[in-house]
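Engineer: One structure follows; several queries about it will come next.
The values are calculated or read from the model by the stated rules, or taken from the named source; none is laboratory data. If you're wondering where the values come from, they're calculated on a predicted model, not measured in any experiment. Cβ coordinates were reconstructed from backbone atoms using ideal geometry, including for glycine residues, and neighbour counts include every protein chain displayed.
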Number of protein chains: 2
Amino acid sequence: MIDSKIQIVPGFSWFGKNIGIKDNTFDFGGILSKQVCSAAGVFTKNTMPGAPVIVGKEHLSDGRLQAIIVNSKNANVATESKGVEDSKEICRMIAKSCGIEPNMVLPSSTGVIGQRLPMGKIVQGCEGIDREFGTTEQDIKNFARSIMTTDTRPKWVSAKVGDATILGVAKGAGMIEPNMATMLAYFVSDAEVEPQQLQAILKRVADRSFNRISIDSDTSTSDTVVTLCNGLAGPVDLSEFEAALGEMAIHLAKEIARDGEGATKLIELVVSGATTREQALLTAKAIINSPLIKTAIHGADPNWGRFVMAIGKVFQYTVDISQLKIFFGQGHDRLGISADLLDRDAVPLQELTEILQQKDVYVEVVLGDGPYSEKVWGCDLTEEYVRVNALYTT
Amino acid sequence: MIDSKIQIVPGFSWFGKNIGIKDNTFDFGGILSKQVCSAAGVFTKNTMPGAPVIVGKEHLSDGRLQAIIVNSKNANVATESKGVEDSKEICRMIAKSCGIEPNMVLPSSTGVIGQRLPMGKIVQGCEGIDREFGTTEQDIKNFARSIMTTDTRPKWVSAKVGDATILGVAKGAGMIEPNMATMLAYFVSDAEVEPQQLQAILKRVADRSFNRISIDSDTSTSDTVVTLCNGLAGPVDLSEFEAALGEMAIHLAKEIARDGEGATKLIELVVSGATTREQALLTAKAIINSPLIKTAIHGADPNWGRFVMAIGKVFQYTVDISQLKIFFGQGHDRLGISADLLDRDAVPLQELTEILQQKDVYVEVVLGDGPYSEKVWGCDLTEEYVRVNALYTT
């Protein structure tokens with residue numbers, strides 16, 4: 001149903017370019033709609049949100065937006081009232097150039113925390129900006145590149161729902177923990193969906209996708225997922241729309257996990273047999289965030305005992321180890337490990353190593369015979385993650 | 001008051017040696033007391049504790065112990081009833097050789113999870129073990145080495161309280177999070193202290209020391225802190241005893257953080273101005289466990305904005321950023337950063353870099369004007385941590 005190629009959505013135009021915020025890579029991009037759109041958004045739960053998140057929530061409060069403007073390399077966070085004023089000024093400049101209302105523009109910033117935006121460069125970058133928006137695939141690719149920070153590749157996905165098209169573009173990389181909307185992702189569609197319905201759909205979708213990934217357990221101050229619908233294609237079946245958006249969001253979420261800072265592997269983890277939904281989710285998070293599990297998977301070290309440790313970190317629930325089963329891999333290669341195997345000294349370490357050597361590592365932890373299960377995604381922890389982050393600002 | 005040199009405690013003898021559990025480094029050690037001792041212990045809160053923790057708690061239940069036997073390289077965890085039987089068998093062998101009761105022996109194991117102990121090697125290692133215990137400084141050093149896993153150096157500390165001596169030996173390295181007794185530490189003394197008093201003292205001491213360190217947020221299944229008092233020196237002033245034990249425990253806790261897997265720096269963090277003790281501790285943990293802060297400190301990157309992010313991860317409390325102050329360094333080099341500095345574009349990044357280049361990095365985060373503060377210790381996150389842990393079992 002979803003397509004990893006770009007499909008053009010009528011009525012939206014895009015740009016991405018370099019304005020020299022940090023270096024000569026793309027750092028400034030935008031999306032513009034001919035019509036005022038139904039809009040929905042979910043934002044970081046971090047209590048120190050960036051200025052653009054504060055302004056974006058305000059501008060989204062009536063469920064209407066017409067443009068999105070993004071810069072990378074600087075998050076405009078911890079910049080207080082002056083940072084908020086900077087974000088509003090950017091919206092005003094875009095609005096003036098494009099002939100729309102300033103509160104129809106949603107701003108996003110991603111990058112280093114604790115530095116004022118270089119407004120001189122941004123003012124220059126906004127000059128004649130209305131003429132830079134275009135509708136080609138290249139314009140969309142330029143936008144996707146402009147929002148990247150330590151991402152190694154741009155990320156997009158598209159889908160058709162009835163007569164309508166949906167296109168999603170996202171960035172991830174670091175400071176990502178599965179507790180909220182956890183990065184920047186923008187979906188645009190020509191479907192006709194009312195703002196309230198769109199908000200409810202987006203919240204459910206984000207909860208099953210972006211809120212289920214972890215790269216490093218840190219929680220960004222800038223996370224934003226926004227959907228714009230311009231209505232040009234008319235009404236669509238809403239359950240089909242939600243199914244497509246959900247599949248697209250899971251695709252992008254997995255892409256973000258796979259492209260986590262320094263990551264070489266995607267980990268897909270299911271925790272099942274839990275007695276409550278909370279137990280399933282807490283256990284999944286304890287495992288997917290465990291640096292010892294992430295490093296073991298990086299080295300394809302068959303150190304399955306570390307899963308036992310991580311399961312035991314969820315102090316609120318006890319697990320009967322004689323009931324615990326851990327499955328590695330998929331299909332006929334799937335390998336089950338349990339305490340009775342250990343008892344018989346029959347843990348197949350060589351087979352386990354081979355499964356852990358794959359690029360996509362599937363793990364299912366069965367805690368018991370409870371009815372609840374949760375699926376989350378993460379990545380391995382590598383020396384490259386440390387290198388990327390030890391000298392981020394310099 | 002405390003001394004980083006070994007002071008001999010009358011009545012206790014020690015050994016440490018290699019029995020070939022994994023390689024030719026020391027992996028088996030013990031402490032033996034002539035007298036039955038008052039004993040106290042605190043153990044991991046992990047719900048999947050190792051077999052030795054289960055047996056140790058049982059043997060400690062009457063507040064009396066006479067010996068401690070430790071192996072490294074294998075944690076005897078996730079081994080179910082057979083693992084418990086192995087630990088009890090070790091206690092029986094030690095007891096028989098030394099002429100004491102089996103339930104007077106506390107067993108500890110540390111190392112890989114999910115493998116049965118090599119009992120053949122241990123049986124051989126226990127032959128004539130009573131003759132291996134000695135009272136020299138070298139015997140104590142051998143013991144301290146025998147309990148090491150990925151520690152780069154042995155750790156001990158001693159103190160005098162009145163006529164009594166206290167000696168502490170510990171190991172740390174990885175799978176350490178400040179939520180409990182977080183590693184192996186053994187204190188012996190010739191002070192006379194009743195078991196109940198000793199237990200209360202040890203619990204308070206562990207809470208202010210070992211429960212305040214973090215290396216990687218993972219929670220070991222084997223953590224054990226035990227204190228033995230043989231009473232040979234007679235009664236001591238208990239508040240002096242607790243003060244000395246507390247100082248010793250903080251010393252060892254800091255040594256463990258400093259020698260965390262791959263660590264190159266000790267981080268000492270105070271969070272003050274909190275409105276509740278919970279806020280202070282949650283914030284301190286969010287910061288000390290943040291991989292992005294740990295990597296930035298590793299690289300001496302003046303990325304103070306990441307502290308803002310970590311503070312904002314404590315969703316239960318809001319912090320007024322205009323009140324927030326972050327101090328780096330100590331004494332007259334101490335550097336304060338706050339939002340108004342940023343406003344004036346006056347953050348002294350070069351001075352901050354210099355402070356972060358030091359081996360001991362002191363940070364104080366002042367959240368507001370609340371009355372609560374907490375101190376915790378941690379270490380930087382390095383490429384070496386990943387290397388050590390990616391291939392731990394192989």
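Matching residues to (1) closer than 16 Å to A:Pro49 by Cα; (2) of a type outside the set (Gly, Ala, Ser):
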| residue | (1), (2) |
| --- | --- |
| B:Ala284 | no, no |
| B:Asn289 | no, yes |
| B:Ala296 | no, no |
| B:Val319 | yes, yes |
| B:Gly329 | no, no |
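Engineer: Hey, among B:Val55, B:Val36, which residue is more than 14 Å from chain A (Cβ to nearest Cβ), surrounded by fewer than 22 Cβ atoms within 10 Å (Cβ to Cβ) and aliphatic (A, V, I, L, M)?
Structural biologist: Residue meeting the stated conditions: B:Val36.
Engineer: What is the one condition in (1) of a type in the set (Lys, Arg); (2) surrounded by fewer than 20 Cβ atoms within 10 Å (Cβ to Cβ); (3) under 29 Å from B:Tyr385 (Cα atoms); (4) more than 13 Å from chain B (Cβ to nearest Cβ) that A:Arg258 does not satisfy?
Structural biologist: (2)
Engineer: Give the number of residues within the range B:288-297 that are at the interface with chain A (Cβ under 7 Å from one of its Cβ atoms) and either surrounded by fewer than 20 Cβ atoms within 10 Å (Cβ to Cβ) or in contact with a strand residue (DSSP E or B) (Cβ under 9 Å, 6 or more places away or on another chain) (or both).
Structural biologist: Total meeting the criteria: 0.
Engineer: Looking only at the range A:98-111, which residues are crowded, with 18+ Cβ neighbours inside 10 Å and either away from chain B (no Cβ under 14 Å) or among the aliphatic types (A, V, I, L, M) (or both)?
Structural biologist: A:Cys98, A:Ile100, A:Asn103, A:Met104, A:Val105, A:Leu106, A:Pro107, A:Ser108
Engineer: Mind counting the residues in the range B:58-73 that are buried (at least 18 other Cβ atoms within 10 Å of the Cβ) and among the charged types (D, E, K, R)?
Structural biologist: Summing the residues that are buried (at least 18 other Cβ atoms within 10 Å of the Cβ) and among the charged types (D, E, K, R) in the range B:58-73 gives 1.
Engineer: Oh, and also: Hey, among the residues in the range A:349-361 that are among the aliphatic types (A, V, I, L, M) and within 13 Å of chain B (Cβ to nearest Cβ), which one's surrounded by the most Cβ atoms within 10 Å (Cβ to Cβ)?
Structural biologist: A:Leu356
Engineer: For the range A:362-394, which residues satisfy the criterion of being at pLDDT 85 or above, within 12 Å of another protein chain (Cβ to nearest Cβ) and over 16 Å from A:Ala310 (Cβ atoms)?
Structural biologist: A:Thr382, A:Glu383
Engineer: Tally time: how many residues in the range A:95-151 are out of contact with any strand residue (DSSP E or B) (no Cβ under 9 Å at 6 or more places or on another chain) and of a type in the set (Ser, Thr, Tyr)?
Structural biologist: Matching residues across the range A:95-151 total 2.
Engineer: Hey, another quick one. Return the only residue of B:Ala280, B:Ala286 being touching an Asp or Glu at 6+ places or on another chain (Cβ under 6 Å), farther than 18 Å from A:Leu292 by Cβ and among the hydrophobic types (A, V, I, L, M, F, W, C).
Structural biologist: After applying the criteria, what remains is B:Ala280.
Engineer: Let me ask something additional. Out of (1) surrounded by fewer than 23 Cβ atoms within 10 Å (Cβ to Cβ); (2) of a type in the set (D, E, K, R); (3) within 25 Å of A:Gly262 (Cβ to Cβ), what's the single condition that is false for A:Lys313?
Structural biologist: It is condition (1) that A:Lys313 fails.
Engineer: crowded, with 21+ Cβ neighbours inside 10 Å and not assigned by TED's automatic domain parsing to the domain that holds B:His251, is that true of B:Ile321?
Structural biologist: no
Engineer: Also, quick follow-up: Scan the range B:315-333 for residues that are at pLDDT below 85 and out of contact with any helix residue (DSSP H, G or I) (no Cβ under 8 Å at 6 or more places or on another chain) and report the count.
Structural biologist: Selection size over the range B:315-333: 2.
Engineer: A further question follows. Regarding the range B:145-152, can at least one residue be identified that is more than 14 Å from every other protein chain (Cβ to nearest Cβ), at pLDDT 85 or above and in contact with a helix residue (DSSP H, G or I) (Cβ under 7 Å, 6 or more places away or on another chain)?
Structural biologist: The answer is no, given that none of the residues of the range B:145-152 is more than 14 Å from every other protein chain (Cβ to nearest Cβ), at pLDDT 85 or above and in contact with a helix residue (DSSP H, G or I) (Cβ under 7 Å, 6 or more places away or on another chain).
Engineer: Still on this structure, please answer the following. When only residues in the range B:298-345 that are among the small types (Gly, Ala, Ser) and over 19 Å from A:Val84 (Cα atoms) count, which is farthest from the other protein chains (Cβ to nearest Cβ)?
Structural biologist: Ranking the qualifying residues of the range B:298-345, first place goes to B:Gly331.
Engineer: Those residues that are buried (at least 24 other Cβ atoms within 10 Å of the Cβ) and over 26 Å from A:Gly262 (Cβ atoms), I need them from the range A:272-287; list them, please.
Structural biologist: Hits for the range A:272-287 are A:Ala274, A:Ala280.
Engineer: Continuing with the same structure: Restricted to the range B:182-216, and to residues that are surrounded by 24 or more Cβ atoms within 10 Å (Cβ to Cβ) and assigned to a loop (DSSP other than H, G, I, E, B), which residue is modelled with the lowest pLDDT?
Structural biologist: This residue is B:Thr182.
Engineer: Just for the range A:74-94: of the residues that are of a type in the set (A, V, I, L, M) and farther than 15 Å from A:Gly125 by Cβ, which one is surrounded by the fewest Cβ atoms within 10 Å (Cβ to Cβ)?
Structural biologist: Result: A:Val84.
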